[in-house]
Each structure stands twice: as C-alpha cells, then as structure tokens.
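In what follows, a single structure is set out as structure tokens and then discussed.
Each reported figure results from applying straightforward, stated rules to the coordinates on display, with no laboratory input. Everything numeric in this text was worked out from a predicted model, so none of it was measured. When we count neighbours, we look across all protein chains shown, and the Cβ atoms used for this are built from the backbone with ideal geometry, even at glycine.
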Amino acid sequence: MLNQDHKDRITAAVDAAFDQQLHFTGELIRHPSVRTEEGSAQDFLYAAMRDRGFAMDRWELDEKALKEHIGYGPSTVTYDGVTNVVGTFTPEMERGKSLILNGHVDVVPVGPEDQWNRSPWDAAIIDGWMYGRGSGDMKAGLAANLFAFDAVRAAGLIPTGTIHFQSVVEEECTGNGSLSALMRGYTADAVIIPEPEENMLVRANVGVIWFKVRVAGKPTHVREMSEGFNAIDASYTVMEALRRLETEWNAERDEHLYFENVEHPINFNFGLIRGGDWPSSVPAWCEFDVRAALYPGVPAEKAWKAITDCLQESSKSLGTADAEVTANKTGFFSEGYVLEEGSTAELVLERCHQDVFDTPLETFTTPGYLDGRVFTLYGNMPTLVYGPISEAIHGFDERVNIESVRQITKSIALFIAEWCGVSEEEARTQNRI
Ligand code: ZN
C-alpha cells in the first residue's frame, strides 16, 4: 500500500499541473475527431506520448483480421488511414503489476450546430465546466490518463510495472478500435477506462447491436394511392413490432443480475430515417437505423435471431406481397459484460477513490455500450470503467465537470502508484522523462 507521504506528493502534483492538463484537454477537444477523421487528434496524442518517452506504436485497423473475431462489429466505412495509438512505459526492472489506460478518441456527430450555445469545438471553460463535443466522452479521460502518470513522476517516483496508454478509434460505432488493440497483443493485469461515469465504477452494462431496416413498398401516383403500398407508413408498423420486442426484453430484467433495479435497461433507438422520392408518389422504400441493446450473457447471435424473427413477423402482418422487410448489421455486434466483484484491481480503486473523494466508491449498471467488454470478455482482464461527471454527452453543449476531472485524475494517479508499484530510488537515478 502507498504511504501517506507518497499519496500527498502525488495528489499535490496533480494540482500543480492541473492548469496544464486543462489546456491539453482543450487542445484535444479542438480536433474534431468524428468517425474516420481522428487522424489529427491521434497525431496530437502520439506526440504527447512520445514526448513522455514512451515506446510508440501506431497502426491502421485491419478489417480482414478483425472480421475473424467474434467481437467484431460490421463496419460501414473503410479503415484506410484510421489508426490506433499506443504508448508504452516500461520500467527498468519489472516488479509490479501491469496496466492498460485506455480511452477512445472518436466522438459522435454534433447534430444541428445552431442549437449549440457555442461552437462544439472551442473547449470553453465556464462556471466550472469544460464544454465541447467529446469533452466528457471522453477526451477529459484520455488526458487524465497521461497527467495521472505525470503526477507520479513529478512526485519523484517511477512506476515499477508496464503501462500501455491506448487511444483507440471506433468506440462509438463498432468497438473495433479496442478489439484491434487486443488482437495486436496488448494485455495487462488490469484496465482503466475513464469514460464519463459520474465518479462511479461500472459494474455491468449492456451489449449493443446496430442494424438498418429497409421496408420496400409499391410506388404509384397518389391518385391511385390505394393500389400502391406506402413503405413509410409500413415502417411505423415495423417500428411498433420492435418496440414490443423491447418491452418483452425489459420485462425480463429480473432474470439478469445487476439489472433488476435499472429503469428500462433495454433501449431500442430509431436513430436515422430516410425514405421516399417525391411528395406525390407513394414511397417505394423507407430505411431506418436502429440501436438495440442486450443483456450480458446473451450471445449477440441469439439477440439478432430474435430481432430478425420479429421483423419477419411484422413483414407478414403487413398483409401484402407488395411489402418486403429486410435488415442488415451496420456496426456494433457486441455482448454486454459484468465486472466480477472482489477483484484486487477493484479493491485498490476503492482505496484510491476513498482517499481522494472521502466517500466510498459506488458501482452501478449502465444501459450503454462500453469497450470494457473487449478486455473483459476476450482478454479476461479486470476492467474498471470509472470517470468524471459530465452533462449532455451525445447532446448539445456537452460538458465535463472540472473538479471531478481533477479528482478522477488523482484517483487514477494513486491507482497507478499502488497497482504498478513505485520506486523513489530508481526515479532519482533515472532521467526518463
Ligand atoms: Zn465514450
């Protein structure tokens, strides 16, 4: 365990560099790293890691190889030029446990920008919050990982275990970024992912499937409307069928550990819709994109079968040969996971959190996707998804709470020191930074 002197020095070092950390976080937010456009943000993080003396690795995602993995999510984009970045710190003599500090650099689209109170990319600080798309989800976390390490070093200590700093892509759509890092061989004794989790630890979360439904109708002139078949009208019927499936799955929440008390854990979202060609033509087609959720322990294939069966039934209920309902996978095809209670990693985090916040670490179940499933399900690593307070992630005026970021950074810094171990002696004799 850490002695009080080390703890005090580490947390003081976080405070001392905190303005610099906020500045760095702001810089990172100013890179609009939406899907396939993460390059400049990755350049920025690559340079920041290299400057810390880490051994650098950067590679393009290999879709062909990813496809072979059960955790792969079908991609609708090509991965040309889409890269992950990993910087590795290796101690002189490995004595402590190893650690992966992971974060995703991709952010979701901003939506109608005129509904933001300011530019989504200006990273303004107002009344204790830092604004911007990706501020909470999760560039504050990516920066916290690096500055937590800095604090250990600035405290005159050096970790005695290997640490991999990962900045991955594709977390918001397939999970293929973290999967690619795992397939490249990165493993450790524990993983921390500082997603915006309200200063709490994620105990369990859902899996997610993305798919596109296409309803084909029969086009006619509107004057002969009854002879046609309206694909847009029919889509409502298909959506209602999916809503009924969602209700069924929510009714089963009592059968799933950690989900009994979650209000509506299974959310189906109709996130995109397009259809028709002309106001005076009965529409021949309508397409909509769905994000569905599944409980941990339910194989994605099983959930997919239930979804496609539901779509087939609804197709029959349309009562005409003129209609056709088809579906394709378009992204996430992932299972949920549970963080087993009582791991050593969790006990260490509990101590670090208590030291910083002066309150016990709380755990909770979240109905959203997390890359934690990659490390947990396929790497068998205890994965702590734990990060700052945020508001409006994926919405307008996304923001992250600055004091919370400071505390989370302290907590991660103490975790690094206790988990990996630290040496004062080696820090003195080495000029590693
Ligand atoms: Zn996120």
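Converting the Cα gyration tensor eigenvalues of region 155-221 into ellipsoid dimensions via √(5λ) gives semi-axes, longest first, of 41, 16, 11 Å.
In region 184-268, which GluC sites (Glu not before Pro) are in a loop and have at most 10 other Cβ atoms within 10 Å, using DSSP for the loop call?
On the way: sites: Glu197, Glu198, Glu224, Glu227, Glu240, Glu246, Glu248, Glu252, Glu255, Glu260, Glu263; in loops: Glu197, Glu198, Glu252, Glu260, Glu263.
For GluC sites (Glu not before Pro) across region 184-268 that sit outside H, G, I, E and B with at most 10 neighbouring Cβ atoms in 10 Å, the list reads Glu263.
Would you mind checking Lys218/Lys305; Lys218/Lys302; Lys302/Lys329; Lys67/Lys302; Lys64/Lys316; Lys64/Lys139 for any pair whose Cα atoms are more than 25 angstrom apart?
Lys218/Lys305; Lys218/Lys302; Lys64/Lys316; Lys64/Lys139
Rounded to the nearest 0.05, the FRET efficiency derived from the C-beta distance between Lys305 and Glu362 at R0 = 45 Å is 0.80. Only DSSP H runs of four or more residues enter the estimate; each adds -39500 (n - 2.57), and after division by the residues of the chain the mean residue ellipticity at 222 nm equals -10500 deg cm²/dmol. Region 175-243 and region 95-171 have Cα centres spaced 26 Å apart. Each of Leu257, Met93, Ile273 was placed along the dipole of the chain (beta-carbon charges, centred on the mean Cα), and the one lying farthest toward the positive end is Met93. Relative to the longest principal axis of the C-alpha atoms of the chain, give the angle of the C-alpha long axis of helix 4-16, reported between 0 and 90° and rounded to the nearest 10°. With both axes taken from Cα atoms, the answer is about 60 degrees. Taking a ≥ b ≥ c as the square roots of the Cα gyration tensor eigenvalues, region 28-150 comes out oblate, since a/c reaches at least 1.5 and a/b does not exceed b/c. To the nearest 10 degrees, how steeply does helix 140-154 sit against the main Cα axis of the chain, on a 0 to 90 scale? That works out to roughly 10 degrees.
Modelled spin labels at Thr90 and Thr344, positioned 7 Å past Cα toward Cβ, are 2.2 nm from each other. Dividing the mean sequence gap of close Cα pairs (under 8 Å, 6+ apart) by how many residues region 196-296 holds gives a relative contact order of 43 percent. The calculated pair-distance distribution of the chain uses every alpha carbon pair, bins of 20 angstrom beginning at 0, and gives 25, 53, 18, 4, 0 percent. Using every pair of distinct Cα positions in region 300-433, the Kirkwood expression returns a hydrodynamic radius of 19.4 angstrom.
The angle separating the long axis of helix 231-251 from the principal Cα axis of greatest extent in the chain is about 50 degrees. The alpha carbons of region 207-334 give a radius of gyration and a Dmax of 16.3, 56 Å, in that order.
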